[in-house]
1. How high is the relative contact order of the range 67-196, in percent, with contacts defined as C-alpha pairs under 8 Å that are six or more residues apart?
2. Using packing as a proxy for protection, rank 195-202, 278-285, 265-272, 30-37 so that the peptide with the highest average count of other Cβ atoms within 10 Å comes first.
3. Compute the orientation-averaged projected area for the range 2-135 from the convex hull of its Cα atoms and round it to one decimal in nm².
4. As an exercise, identify the GluC sites (Glu not before Pro) in the range 265-363 lying in DSSP coil whose Cβ has no more than 13 other Cβ atoms within 10 Å.
5. Roughly what % of Cα-Cα distances in the range 268-318 sit above 14 Å, to the whole percent?
6. Run the helix sum for the chain: -39,500 (n - 2.57) per DSSP H stretch of 4+ residues, divided by residue count, reported at 222 nm to the nearest 500 deg cm²/dmol.
7. Normalised by the number of residues in the chain, what is the relative contact order in percent for Cα pairs under 8 Å and 6+ residues apart?
8. Find the relative contact order for the range 2-135 and round it to a whole percent, using C-alpha pairs within less than 8 Å whose residues are 6+ positions apart.
Amino acid sequence: MNINKLRQQVLTQAHSAVLIFSDINIRYVSNFSGHAATILITDKANYLITDYRYFEQAKEQAGHPQHFHVICRDRANQSLTALIVELLKQDNCQTLFFESEHINVAQWQAMAAEITQQTQVTQTIALRGTVEKLRMIKTAAEIATIKQAAAIGDQALANILPLVKAGISERELAIELDYQMAKLGSEELSFATILLFGERSALPHGIPSNRKLKQGDLILIDFGAVVNGYRSDMTRTFIFGQASDKQRHIYQLVQEAQQAAINKLTVGVSGQALYQQSANVLLNSDYKEYAGEGLGHGVGLQLHEQPFLGPDCQTTIEQGCVITIEPGIYIPGWGGVRIEDDVVLTAQGLEIITQAPKALQEL
């Protein structure tokens, strides 16, 4: 279980404890998907603190099978800090780790003052990115869930392609794609769908508008589904009508850049090395000034997770790491091409999770 990974990583000494504030990290270690929660893990027990709004949900998701004591705090009569103090004293905690990136300075200073004054805690130690690093390596169950989300995306995209006709707007087609994902079982959008036509496809994160489709347009679609909190992320680029020589050439460049990175993907390779493989294709082309700056990112409970693949990424890719590979060329006033897949390294080797066809399609 993920809670055991955290315990082994952080609670290596007696009389220690860790506070988790991030909703995403709370979900990762406990399976609780609600809000208004704090987790305290001591060397004696695991506590999930919430209130009446989420108490029943927390018991169902994080109770006995996940080995958490779920506590319903009476917000009117007991502060969060007072309850934490009570638990720290009960478990004789002397060292307290806390997620410094997920609580503001003023809140922590006030909380820490009470804790050090009223408990045996003699030192507080900031944790920075500890749970996020654990989240990089997915279990088989996590990978299976991401595959389910990706399969929804694959099918939803296939379902809307027959609707691609002259005069349809970006917004109309995006709404239909979102509907198809929901209909197929996505619990929410992985992120706001990016669906852009023609010259607007040069906006890497553009918002769908009322721009209508016309012959010769590039169509860039970047979207994802969500299953049990885990996200997919895929981009495909199409041509409406017959592709021009320039469109074909740029599409081929981006496809070659993506494949170059995929071919390099092995256990132990750095994010920088993957980026460089892709960059070698794009930065040696006539369109080098229009190449996107990064290559991809981890994906899981959040859309953007560690590692972040780019020229400065020294993080190595390990078995179980799910990442996106998404090179692109974006030419203002003309358009853009991006091809993106979710990939994972397993014991059997590289697996491409997103399955929608990547060959250039003229719709």
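1. Relative contact order, the range 67-196: 19 percent.
2. 195-202, 30-37, 278-285, 265-272
3. Value for the range 2-135: 7.3 nm².
4. Qualifying residues, ordered by number: Glu293, Glu318.
5. Here the tail beyond 14 Å accounts for 51 percent of pairs.
6. For the chain, the value works out to -10500 deg cm²/dmol.
7. The value is 14 percent.
8. 24
Readers should treat all values here as calculations from the given coordinates under stated rules, not as data from a laboratory. Quick caveat: nothing in here was measured; it's all calculated off a predicted structure. Please note: Cβ atoms are built from the backbone with ideal geometry, for glycine as well, and neighbour counts cover all protein chains shown.
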